């Protein structure tokens, strides 16, 4: 898999995992939590669509409170565009969530750090309502 494909796979895998987290769709909560956090850089920062800002520690602390938050949740990712440099990837994509019958759509811009072993780590995420 080339770097662009790895970045795209990371985006899809994360959203599948967070959808499972929000709906308690797991037989091993700790393994799913570990899977959600394993590809985040320790210096990760996020600005959410509501204006909330989180760093890695804040994100990791917030996740347990979101477990099972929705009885149903479907997340679709579309319109992915990726630009690469030697050490970073910039990805833009649209995320549509249907949670318990309420739909919302946001545009996301994410910077990924590309490690020497081609591991892709979330470094910065900005979300905006569409």
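Bear in mind these aren't lab numbers, they're just calculated from the coordinates by the rules spelled out. As the structure is a computational prediction, the values presented were derived from the model and not from experiment.
Evaluate the relative contact order of the range 1-74 (contact order divided by residue number), counting alpha-carbon pairs under 8 angstrom at least 6 apart; express in whole percent.
About 38 percent, as a whole number.
If you work out log10 I(q)/I(0) by the Debye sum over Cα atoms at q = 0.12, 0.14, 0.17, 0.19 Å⁻¹ from the coordinates, which of [x] -0.44, -0.61, -0.93, -1.18; [y] -0.55, -0.74, -1.03, -1.20; [z] -0.65, -0.86, -1.12, -1.23 do you get?
It is the value labelled [x].
Just need the relative contact order of the chain here, percent rounded to a whole number, with Cα pairs under 8 Å and 6+ apart.
25 percent.
Please report the antiparallel percentage of the DSSP beta bridges confined to the chain, to the nearest 5.
Taking every DSSP beta bridge within the chain, about 90 percent pair in antiparallel fashion.
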